[in-house]
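First the structure, in the form of structure tokens, and then the observations on it.
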Amino acid sequence: MRLPARRIATTALCAGLLIGLSGPAVMAADGESARERTHAVSQAPLPDLAELQSQVGGLVDLGGVLTPVTDLLNAVLKADNGQLAAADADQFAAAVKDALAKAEAADADADDTDADDTVNLPGTTTPAQPPAVTAPQAGNPVTLPAPVVAEDQTATASDLTATAYADLQKRIDALVKATTAGNAEQVSPAIDGVMTGISNVVAATLVANGMPAADLAGLPALPAAPEAA
């Protein structure tokens, strides 16, 4: 049976209208779903977020310590014969002491947080430190090795940082004494001592915060961690 031409045209027109109306709605729905999926992915936290935040926080604390120390060093280097007025030297020394105290307090808070997040099963002990790491291979980042200690010792990476802070404070005190004693010959050795103390703080901070080892071509191999006694 043949359908009238008018009925065929009417049916085709209705189908076209339905497709025209539903097409944008379907496309809009698909677009909205894609945006929702993209938004959900963009809000997902990085798998190693806590470790990265710890590393960045360690660098922030390190910058807070080094700034007042370099302020003191610059003032001494610009002064005649490396001599400062007692009031000025005391002001610089107080700024360094305050910065070291804040950094040490921040490290203590971080240690408390890590301790709260760690659960040891009965009968288990703290795992041994990883072996020493040699020069990194290209494309395979490694982490600076933490110092290895004997089981009966309580030293940790954070203890090493605290020791470096205390050592730097002693060196700062020696520099302040030399720069106000009127003897220029004592200033240069005291500055060298402070520079060594800075190197100790930087190295201890990098190790304590698990910073990745440097992989720049030409750098010497990483020193081996000290063996347990």
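The values are calculated or read from the model by the stated rules, or taken from the named source; none is laboratory data. The structure displayed is predicted, hence computed values, not measured ones. So basically every Cβ, Gly included, is an ideal-geometry build from the backbone, and we count neighbours across all protein chains shown.
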> How many of the residues in segment 167-200 are of a type outside the set (D, E, K, R) and farther than 20 Å from Lys97 by Cα?
Replying inline: 7
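Surrounded by 13 or more Cβ atoms within 10 Å (Cβ to Cβ) and either out of contact with any Leu (no Cβ under 8 Å at 6 or more places or on another chain) or at pLDDT below 65 (or both): which single residue out of Ala94, Ala87, Ala110, Ala44 fits that description?
None of the other options fit; the residue is Ala110.
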>> Is it the case, given these coordinates, that Ala203 is more than 15 Å from Val96 (Cβ to Cβ), of a type in the set (A, V, I, L, M, F, W, C) and assigned to a helix (DSSP H, G or I)?
In response: yes
> Which is modelled with pLDDT of 95 or more, within 21 Å of the chain's Cα centre (by Cα) and crowded, with 20+ Cβ neighbours inside 10 Å, of Leu168, Leu175, Leu206?
Replying inline: Leu168
> What are the pairs, 6+ residues apart or on separate chains, where a residue within segment 35-56 that is under 21 Å from Leu206 (Cα atoms) has its Cβ under 8 Å from a residue that is modelled with pLDDT of 70 or more and not in a helix (DSSP H, G or I)?
Replying inline: Glu51/Gly210; Leu52/Leu46; Ser54/Asn209; Ser54/Gly210; Gln55/Asn209; Gln55/Gly210; Gln55/Met211
>> For segment 199-218, give me each residue that is of a type in the set (Gly, Ala, Ser) and farther than 13 Å from Tyr165 by Cβ.
In response: Ser199, Gly210, Ala213, Ala214, Ala217, Gly218
>> I'm checking my understanding of the structure. Among residues of segment 63-76 that are surrounded by 12 or more Cβ atoms within 10 Å (Cβ to Cβ), out of contact with any Asp or Glu (no Cβ under 8 Å at 6 or more places or on another chain) and not β-branched (Val, Ile, Thr), which one is nearest to Val201 (Cα to Cα)?
In response: Leu66
>> Among the numbered criteria (1) in a helix (DSSP H, G or I); (2) of a type outside the set (Ser, Thr, Tyr); (3) surrounded by 14 or more Cβ atoms within 10 Å (Cβ to Cβ), which one does Pro189 miss?
In response: (3)
